[in-house]
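The values are calculated or read from the model by the stated rules, or taken from the named source; none is laboratory data. Remember, predicted model here, so these are calculated numbers, not experimental data. Every residue, glycine among them, receives a Cβ derived from its backbone with ideal geometry; neighbour counts consider all protein chains shown. These area figures cover heavy atoms from the full protein model, side chains too; ligands, DNA and RNA do not enter into them. Shrake-Rupley method; radii C 1.70, N 1.55, O 1.52, S 1.80 Å.
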Amino acid sequence: MQRLLSRPLSNPPKPSFPYFFCHFVSKTTYDPPFSPIPKPLEPPKPKPKPPDPTPNPNPASLIKSSLPFDFRHSYSETDPSLEPIGFREPKRFSPFGPGRLDREWTGTSAPVPDEVDSFRVHEERIRVLGDPLTEEEVGELVEKYRHSDCARQINLGKNGVTHNMLDDIHNHWKRAEAVRIKCLGVPTLDMDNICFHLEEKSGGKIIYRHINILILYRGRNYDPKNRPDIPLMLWKPYAPIYPKLVKNVADGLTFEETKEMRNRGLHSPALMKLTRNGVYVNVVARVREAFETEEVVRLDCTHVGMSDCKRIGVKLRDLVPCVPILFKDEQIILWRGKSDRELNSNISDTDEKSSGT
């Protein structure tokens, strides 16, 4: 047995590859294929400091304008007497850009820093307009600018007379005596308001008005080199938050009567159908005429948009006047409100009750 064990084997086992690799490769040079490589730790980068929200610009670099009115995004579609109840962005975010204008942005406007001499402004406007145009001169300008293929045209949309539109008007007045303005959308409900703000803010005069087409004349003594400085708004500011337009219970009605009025209006035939960006010149007259026989009126505003529906309701409330009681599925329900006879009868009833008691 000892002889068998001491005899060398005829076929000794061959060393395996791991055995050979472990014995013949130095441990210092051995690197497994998936061993993690440590990376040197980098120091954390310092966070950049936020910019100062209230920069102190150089007063000499500010844009100064001699226009004698408060700067607003829209002049014809905003009511300066109506105070908002909140803002959607901080007041320091001026749409004219940070540190570019010498007026402070209040959230809705940039007021005039100094008092305005209205008499001097009126005299300057009369001087620029010069002598009134004759009928022949007016006819010649109208024939030149009233056609739809006129190159001197400005489109007025749902924002109405905007601040940047004034710069467009003066740019056209550099090479032309008049400019054609085509009005569409909600502002066409009150064309008198558009004409007033165009003449007041630009200093020109409207010499032609047909439905929604206007021609604005610059004046005989207009000098393009001495045009007023108009700082441009770099973006449209967010609209502030105003009080709720439609109340849960209309003034002069109870909750049940308001609910009954809304149901009656939804199931009544539409007085007229309004299109998107259409011409609404005759809407006010049609609603007034309908209120002579009807108590509730429905306007079909399909595809107009809910925001435009509310704009239309606000204008009709002030122009007709009437009471908007519902905006639903792009339908406007208007109530004509208490008539003078009903108000007088209610007052007499209360007087009789008070005298009897």
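A few remarks follow.
- Each Lys and Arg adds +1 at its Cβ and each Asp and Glu adds -1 at its Cβ; summed about the Cα centre, region 89-165 shows a dipole of about 620 debye.
- Summed over the residues of region 145-276 and divided among them, the accessible surface reaches 53 Å² per residue at a probe radius of 1.4 Å.
- A straight Cα-to-Cα reach below 18 Å connects Lys64 with the aspartates and glutamates Asp102, Glu104, Asp114, Glu115, Asp117, Asp167, Asp229, residues fewer than 8 places away in its own chain not being considered.
- Extension gain from Ser339 to Ala239, taking 0.36 nm per residue of separation minus the Cα-Cα distance: 32.6 nm
- Relative to the current alpha-carbon distance between Phe87 and Glu137, full extension at 0.36 nm per residue lengthens the span by 13.1 nm.
- For Ser65 and Lys310, a Förster radius of 41 Å and the Cβ-Cβ distance give a FRET efficiency of 0.80, rounded to the nearest 0.05.
- Value of relative contact order over region 87-185, rounded to a whole percent, pairs C-alpha under 8 Å and six or more apart: 20
- Site pair Arg120 and Lys47 shows an inter-label distance of 5.1 nm when each label is modelled 7 Å from Cα along Cα→Cβ.
- Distance between the 7 Å Cα→Cβ label points at Arg127 and Val246: 5.3 nm.
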